[in-house]
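The values are calculated or read from the model by the stated rules, or taken from the named source; none is laboratory data. Remember, predicted model here, so these are calculated numbers, not experimental data. Cβ placement follows ideal geometry from the backbone for every residue including glycine, while neighbour counts extend to all protein chains displayed. For accessibility, only protein heavy atoms count, side chains too; no ligands or nucleic acids. Shrake-Rupley method; radii C 1.70, N 1.55, O 1.52, S 1.80 Å.
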Amino acid sequence: KIAVLVTGTQDRFLWNSEMENLLKPLVEQGYGVDFFIQLVEHGSQSGASWGNVKRTDSHDLTIGNIDSLRQAVKDAGGRICDLELIETDNEIDLPTEITPDLLKHMSQ
């Protein structure tokens, strides 16, 4: 089995690409594929711009088509084990300096 962890924003999640370039080839090679997906919902991102992205994916992930997405993954031989749409972006505080105390805390 292979676990695929997907994070990002709902607006930039290109499902057709995941199906064609990741799921199908892995299934064809005999692997079981489990997806764990966590995305920030449409409109909830921090507002940072990534520029214009040409969308070619016809299966944008919305609340209305989550069941059809699960079925498409199942039909292709994979499984969605977890799919979470979160309302706000997660704040991550990264240390500016790695200290011995920080390393000790991280290893506990």
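Within segment 79-99, at least one residue is of a type in the set (K, R), at pLDDT 80 or above and open to solvent by 70 Å² or more (accessible area, probe 1.4 Å). Provide a single number: the residues in segment 10-44 that are open to solvent by 30 Å² or more (accessible area, probe 1.4 Å), in contact with a strand residue (DSSP E or B) (Cβ under 9 Å, 6 or more places away or on another chain) and under 16 Å from I66 (Cβ atoms). Count: 6.
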